[in-house]
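Shown next, in structure tokens, is the structure this report addresses.
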Amino acid sequence: MRIGLDFSGGDYAPNNCLEGAVLALSDATLQHARVCLIGPRAVAEAFLTEKQISFNRFDFIDAPDVIDMAESPTKAFSQKPNSSISMGFKALKEGRIEAFISAGNTGAMLVGSMFTVKAIPGVIRPCITTLLPKENGGVGLMLDVGTNADCKPDVLYQFGILGSICARELYKINNPKVGLLNIGEEPEKGNLVAQAAYQLMKDSKDFNFIGNIEGRDLFNDKADVIVCEGFVGNVVLKAAEAFYTSIRKRKRSDAYFDRFNYELYGGTPILGVNGNVLIGHGISSPLAFKNMIQLSMDLVNAKLNEKVAQVFQ
């Protein structure tokens with residue numbers, strides 16, 4: 001299995017990316033993954049030489065250009081065909097890699113997904129997710145968390161389908177409970193979009209809808225999949241990150257709250273596109289990159305995209 005890693009993307013590239021790739025070599029669970037390093041080859045070779053690691057442990061795609069974090073995604077993707085992100089998507093489309101990972105420009109990753117591997121027919125808006133550590137020891141899934149700031153009711157309905165498939169196939173949650181994030185449990189609560197989405201979801205045969213849930217239910221076992229607009233989801237995600245950071249600054253250690261560490265999960269797949277694409281946090285550490293490689297293997301093995309395509313046929 002060949003996993004493409006953009007080692008030019010992220011706030012601490014290339015070192016954290018390459019350190020993560022090297023870390024993956026020592027993990028027995030990743031022995032079937034062969035990492036393809038995408039970026040300036042000379043930079044990768046210099047790093048591996050310094051670490052005394054054989055070049056034969058990796059494949060390479062030489063990509064001399066970088067799409068910077070502040071660049072316009074659409075313009076940069078079209079004007080920089082030799083960038084690591086552009087070359088990564090080209091390799092994914094051509095089947096030279098089975099998954100593509102980057103912690104670089106998120107907008108460019110989304111543009112690349114839509115213009116190269118493209119959305120699965122029938123999917124209105126691909127989206128990204130985040131894992132929510134549950135108090136019972138399991139995990140939940142929330143989507144969208146930033147791709148689609150404004151959503152129509154039918155898009156939220158599809159998020160219920162995508163999240164349910166992902167929770168079942170990737171995280172092995174049987175018959176996942178789907179909840180719509182709202183300001184109250186009653187059907188008439190919330191804005192017009194939430195009210196309309198509720199009416200669409202309440203009689204769904206596509207997923208196990210359990211109704212509206214409130215913010216206080218994010219981390220209990222009331223729902224396994226939590227659906228919301230990307231604006232709301234991103235605010236929730238960043239608030240949880242800030243809370244975890246505050247705990248760390250106070251040098252507190254707790255088995256439950258330690259599970260809020262993003263490094264443990266690596267990154268997030270883009271759901272609803274014809275390819276295994278993973279986006280990492282811009283500040284991703286070597287451990288986060290290593291875990292992204294693990295998650296990409298899980299995505300490939302689960303054949304998640306194929307199962308989404310079957311549902312949307």
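The values are calculated or read from the model by the stated rules, or taken from the named source; none is laboratory data. Note that the structure is a prediction, hence the values are computed from the model and not measured. In this analysis, Cβ positions are derived from the backbone assuming ideal geometry, glycine residues included, and neighbour counts consider all displayed protein chains. Side chains are part of the model used for accessible areas, which takes the heavy atoms of the whole protein and leaves out ligands, DNA and RNA. Shrake-Rupley method; radii C 1.70, N 1.55, O 1.52, S 1.80 Å.
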*Per-residue ellipticity at 222 nm for the chain, helices alone: DSSP H runs ≥ 4 residues times -39500 (n - 2.57), over residue total, nearest 500 deg cm²/dmol?*
-11500 deg cm²/dmol
*Looking only at segment 1-32, which residues have a backbone nitrogen under 15 Å from a spot 7 Å from the Cα of residue 49 in the C-beta direction?*
none
*Quick one: net charge of residue 104's neighbours, Cβ under 11 Å, K/R +1, D/E -1?*
-4
*At what distance in nm do the modelled label points of residue 15 and residue 60 sit from each other, each positioned 7 Å from its Cα along Cα→Cβ?*
2.2 nm
_Assuming 0.36 nm per residue, please report the length gained on full extension of the stretch residue 78 to residue 313 beyond their Cα-Cα distance._
81.5 nm
*Ignoring ligands, DNA and RNA, what percent of the 1.4 Å accessible area of the chain is carbon and sulfur?*
52 percent
*Can you tell me the accessible area per residue over the chain, all protein chains present, probe 1.4 angstrom, in square angstrom?*
45 Å²
_If I build a Gaussian network model for the chain, linking alpha-carbon pairs within less than 10 angstrom, which residue out of 50, 98, 135 has the largest mean-square fluctuation?_
50
*asked:* Please give the Cα centre distance for segment 185-252 versus segment 143-176, rounded to the nearest Å.
replied: 11 Å
*Residue among 31, 52, 79 with the largest mean-square fluctuation in a Gaussian network model of the chain, springs linking Cα atoms under 10 Å*: 52
*Hey, which lysines would be in cross-link range of residue 202, C-alpha to C-alpha under 20 Å, not counting anything within fewer than 8 residues on its own chain?*
152, 177, 189, 222
*Take peptides 107-114, 305-312 and line them up by average Cβ neighbours within 10 Å, highest first, as a rough protection proxy.*
107-114, 305-312
*Reachable lysines from residue 118, Cα under 18 Å, same-chain residues fewer than 8 places away excluded?*
75, 90, 93, 303, 307
_Using DSSP H assignments, which helices in the chain have an axial alpha-carbon span of 27 Å or above and a mean Kyte-Doolittle hydropathy of -0.5 or higher?_
230-249
*What's the FRET efficiency of residue 231 with residue 124 using the Cβ-Cβ distance as r and R₀ = 30 Å, to the nearest 0.05?*
0.95
*Given N residues in the chain, what is Rg(Cα) / (2.2 N^0.38 Å)?*
0.99
*What nm value, rounded to one decimal, do you get for the distance between residue 219 and residue 196 when each label is placed 7 Å out toward the C-beta?*
3.4 nm
